[in-house]
Amino acid sequence: MVDLWIIASILIALILFIIKIVSNFQSKNINKKRLQLLNSFKQVTLVLDHIKIDGLHWQENRPVDIYDNQLDPNGSKFNKQAHLGGYHKQKNLTKFKSTLQIPIHYLGQEYTYNTQLPVEHTILRMKFYQQKTLPIYIYPSSPTTVEFALDFTCLNLPNVGLMTTPIYNIKNT
(Lines give C-alpha, C1' and ligand atoms only; values in the text may rest on other atoms or scores of the structure.)
Protein backbone atom coordinates (compact mmCIF):
# COMPACT_ATOMS: atom_id res chain seq x y z
CA MET A 1 0.00 0.00 0.00
CA VAL A 2 2.88 2.37 0.84
CA ASP A 3 4.53 1.58 -2.51
CA LEU A 4 1.30 2.54 -4.29
CA TRP A 5 1.29 5.94 -2.54
CA ILE A 6 4.92 6.54 -3.47
CA ILE A 7 4.29 5.64 -7.09
CA ALA A 8 1.17 7.85 -7.18
CA SER A 9 3.02 10.82 -5.67
CA ILE A 10 5.90 10.38 -8.14
CA LEU A 11 3.43 10.26 -11.04
CA ILE A 12 1.66 13.39 -9.80
CA ALA A 13 4.99 15.21 -9.43
CA LEU A 14 6.00 14.09 -12.93
CA ILE A 15 2.69 15.28 -14.41
CA LEU A 16 3.03 18.66 -12.69
CA PHE A 17 6.60 18.98 -13.96
CA ILE A 18 5.51 18.20 -17.53
CA ILE A 19 2.66 20.75 -17.29
CA LYS A 20 5.14 23.40 -16.10
CA ILE A 21 7.53 22.68 -18.99
CA VAL A 22 4.72 22.77 -21.57
CA SER A 23 3.39 26.02 -20.10
CA ASN A 24 6.83 27.67 -20.28
CA PHE A 25 7.28 26.46 -23.86
CA GLN A 26 3.87 27.81 -24.89
CA SER A 27 4.51 31.23 -23.33
CA LYS A 28 7.90 31.48 -25.07
CA ASN A 29 6.27 30.42 -28.33
CA ILE A 30 3.53 33.05 -27.94
CA ASN A 31 6.11 35.77 -27.20
CA LYS A 32 8.13 34.70 -30.25
CA LYS A 33 5.05 34.85 -32.49
CA ARG A 34 4.11 38.26 -31.04
CA LEU A 35 7.58 39.62 -31.83
CA GLN A 36 7.48 38.17 -35.35
CA LEU A 37 4.10 39.82 -35.95
CA LEU A 38 5.27 43.17 -34.60
CA ASN A 39 8.48 43.06 -36.63
CA SER A 40 6.42 42.63 -39.83
CA PHE A 41 5.05 46.18 -39.36
CA LYS A 42 6.86 49.42 -40.11
CA GLN A 43 8.66 50.78 -37.09
CA VAL A 44 9.86 54.15 -35.87
CA THR A 45 11.89 54.85 -32.76
CA LEU A 46 10.73 57.16 -29.99
CA VAL A 47 13.36 58.87 -27.88
CA LEU A 48 11.98 58.57 -24.36
CA ASP A 49 13.43 61.93 -23.27
CA HIS A 50 10.76 63.63 -25.42
CA ILE A 51 7.85 62.23 -23.37
CA LYS A 52 6.28 64.63 -20.89
CA ILE A 53 5.40 62.92 -17.61
CA ASP A 54 3.15 64.29 -14.89
CA GLY A 55 2.82 62.22 -11.75
CA LEU A 56 0.10 62.02 -9.17
CA HIS A 57 -0.13 60.02 -5.99
CA TRP A 58 -2.83 59.97 -3.34
CA GLN A 59 -3.98 58.04 -0.31
CA GLU A 60 -7.06 55.81 -0.35
CA ASN A 61 -8.56 54.19 2.70
CA ARG A 62 -9.31 50.67 1.48
CA PRO A 63 -10.30 47.38 3.10
CA VAL A 64 -7.47 44.84 3.37
CA ASP A 65 -7.24 41.26 4.57
CA ILE A 66 -4.97 40.05 7.33
CA TYR A 67 -2.01 39.97 4.89
CA ASP A 68 -2.58 43.60 3.77
CA ASN A 69 -3.86 42.51 0.34
CA GLN A 70 -6.41 45.00 -0.96
CA LEU A 71 -9.98 43.70 -1.08
CA ASP A 72 -12.66 44.66 -3.57
CA PRO A 73 -15.83 45.63 -1.64
CA ASN A 74 -17.94 44.23 -4.50
CA GLY A 75 -15.90 41.06 -4.88
CA SER A 76 -16.82 37.57 -3.77
CA LYS A 77 -13.96 37.39 -1.24
CA PHE A 78 -15.14 40.49 0.59
CA ASN A 79 -16.83 39.70 3.87
CA LYS A 80 -18.34 42.57 5.85
CA GLN A 81 -18.27 40.62 9.08
CA ALA A 82 -14.74 40.66 10.47
CA HIS A 83 -15.20 37.64 12.71
CA LEU A 84 -15.68 35.35 9.71
CA GLY A 85 -12.07 35.91 8.64
CA GLY A 86 -12.48 37.47 5.17
CA TYR A 87 -12.41 41.15 6.10
CA HIS A 88 -9.87 42.37 8.58
CA LYS A 89 -9.26 46.13 8.64
CA GLN A 90 -9.15 49.43 6.79
CA LYS A 91 -5.75 50.76 5.73
CA ASN A 92 -4.45 53.84 3.95
CA LEU A 93 -2.88 52.77 0.65
CA THR A 94 -0.85 54.99 -1.64
CA LYS A 95 -2.04 54.97 -5.26
CA PHE A 96 -0.01 56.23 -8.22
CA LYS A 97 -0.84 57.51 -11.67
CA SER A 98 1.46 58.96 -14.30
CA THR A 99 0.06 60.93 -17.21
CA LEU A 100 2.17 60.73 -20.36
CA GLN A 101 2.11 63.03 -23.36
CA ILE A 102 3.86 61.14 -26.15
CA PRO A 103 4.86 62.89 -29.39
CA ILE A 104 4.98 60.51 -32.35
CA HIS A 105 6.74 61.68 -35.52
CA TYR A 106 5.62 59.91 -38.69
CA LEU A 107 5.76 61.03 -42.34
CA GLY A 108 6.91 64.51 -41.36
CA GLN A 109 3.93 65.04 -39.03
CA GLU A 110 3.66 64.97 -35.26
CA TYR A 111 0.84 63.10 -33.54
CA THR A 112 0.32 63.44 -29.79
CA TYR A 113 -0.88 60.48 -27.76
CA ASN A 114 -2.00 61.01 -24.17
CA THR A 115 -2.24 58.05 -21.81
CA GLN A 116 -2.00 57.12 -18.15
CA LEU A 117 0.03 54.39 -16.50
CA PRO A 118 -0.48 53.04 -12.96
CA VAL A 119 3.18 53.61 -12.08
CA GLU A 120 4.83 56.20 -9.86
CA HIS A 121 6.35 58.92 -12.06
CA THR A 122 9.87 58.75 -10.55
CA ILE A 123 10.11 55.02 -11.29
CA LEU A 124 8.81 55.64 -14.80
CA ARG A 125 11.38 58.38 -15.41
CA MET A 126 14.19 56.11 -14.18
CA LYS A 127 13.04 53.28 -16.47
CA PHE A 128 12.83 55.71 -19.41
CA TYR A 129 16.33 57.00 -18.62
CA GLN A 130 17.70 53.44 -18.65
CA GLN A 131 15.83 52.37 -21.77
CA LYS A 132 16.58 55.53 -23.87
CA THR A 133 14.35 54.54 -26.85
CA LEU A 134 11.06 52.74 -27.45
CA PRO A 135 9.85 51.04 -30.62
CA ILE A 136 6.61 52.30 -32.14
CA TYR A 137 4.92 49.97 -34.61
CA ILE A 138 2.77 51.47 -37.35
CA TYR A 139 -0.54 49.93 -38.44
CA PRO A 140 -1.68 51.65 -41.62
CA SER A 141 -5.44 51.29 -41.15
CA SER A 142 -6.26 52.81 -44.52
CA PRO A 143 -4.51 55.15 -46.99
CA THR A 144 -5.72 58.16 -44.98
CA THR A 145 -5.46 56.83 -41.40
CA VAL A 146 -2.77 55.37 -39.19
CA GLU A 147 -2.64 53.63 -35.81
CA PHE A 148 0.43 53.22 -33.63
CA ALA A 149 1.39 50.55 -31.11
CA LEU A 150 3.85 51.45 -28.37
CA ASP A 151 5.76 48.50 -26.94
CA PHE A 152 6.28 49.22 -23.22
CA THR A 153 7.06 45.56 -22.42
CA CYS A 154 10.78 46.32 -22.47
CA LEU A 155 10.35 48.41 -19.30
CA ASN A 156 9.44 45.28 -17.27
CA LEU A 157 6.72 47.08 -15.34
CA PRO A 158 3.65 45.29 -13.99
CA ASN A 159 0.40 46.01 -15.87
CA VAL A 160 2.28 47.82 -18.65
CA GLY A 161 2.64 46.20 -22.07
CA LEU A 162 1.70 46.90 -25.67
CA MET A 163 -0.52 49.98 -25.98
CA THR A 164 -2.35 51.01 -29.14
CA THR A 165 -3.24 54.58 -29.94
CA PRO A 166 -6.51 55.75 -31.39
CA ILE A 167 -6.72 55.89 -35.17
CA TYR A 168 -5.31 59.18 -36.45
CA ASN A 169 -6.05 60.83 -39.79
CA ILE A 170 -2.86 61.29 -41.76
CA LYS A 171 -2.30 65.01 -42.10
CA ASN A 172 -1.78 66.65 -45.51
CA THR A 173 -3.21 63.81 -47.59
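The values are calculated or read from the model by the stated rules, or taken from the named source; none is laboratory data. Note that the structure is a prediction, hence the values are computed from the model and not measured. Note: ideal-geometry Cβ built from the backbone for every residue, glycine included; neighbour counts use all protein chains shown. The area values use the complete protein model at the heavy-atom level, side chains included, leaving out ligands, DNA and RNA. Shrake-Rupley method; radii C 1.70, N 1.55, O 1.52, S 1.80 Å.
When shorter helices are ignored and each DSSP H run of at least 4 residues is given -39500 (n - 2.57), the per-residue value for the chain at 222 nm works out to -10000 deg cm²/dmol.
Here mean projected area of the Cα convex hull in nm² was calculated from the structure, and among [x] 10.2; [y] 16.5; [z] 9.2 it sits at label [y].
Computed on protein heavy atoms with a 1.4 Å probe, the accessible areas place Ile123, Ile138, Ile12 in the order Ile12, Ile123, Ile138, largest first.
Cα centroids of segment 99-173 and segment 1-43: 32 Å apart.
Taken about its Cα centre, the chain carries a charge dipole of about 80 debye when Lys and Arg each add +1 at the Cβ and Asp and Glu each add -1 at the Cβ. Rounded to the nearest 10 degrees, the angle from helix 121-131 to the longest Cα principal axis of the chain is 70 degrees.
Between Leu11 and Gln101, the modelled labels are 6.6 nm apart [label points 7 Å from Cα along Cα→Cβ]. Surface composition of the chain: carbon plus sulfur atoms contribute 58% of the solvent-accessible area (1.4 Å probe, protein chains only, all chains present). Other residues within the sphere of radius under 15 Å centred on the Cβ of Glu120, judged by their own Cβ, net out at +2 (K and R +1, D and E -1). Accessible area per residue for segment 86-173, computed on protein heavy atoms with a 1.4 Å probe, is 55 Å². Beyond 21 Å in Cα-Cα separation lie the following of the pairs Lys52/Lys97; Lys97/Lys127; Lys52/Lys132; Lys28/Lys95; Lys28/Lys97: Lys28/Lys95; Lys28/Lys97. Near Asp49, once Lys and Arg are set to +1 and Asp and Glu to -1 for all other residues with Cβ below 11 Å from its Cβ, the sum equals +3. Against the main long axis of the alpha-carbon atoms of the chain, helix 2-39 sits at an angle near 10°.
Within a straight-line Cα-Cα reach of under 19 Å, Lys32 can be paired with the following lysines, leaving aside sequence neighbours fewer than 8 residues apart in one chain: Lys20, Lys42.
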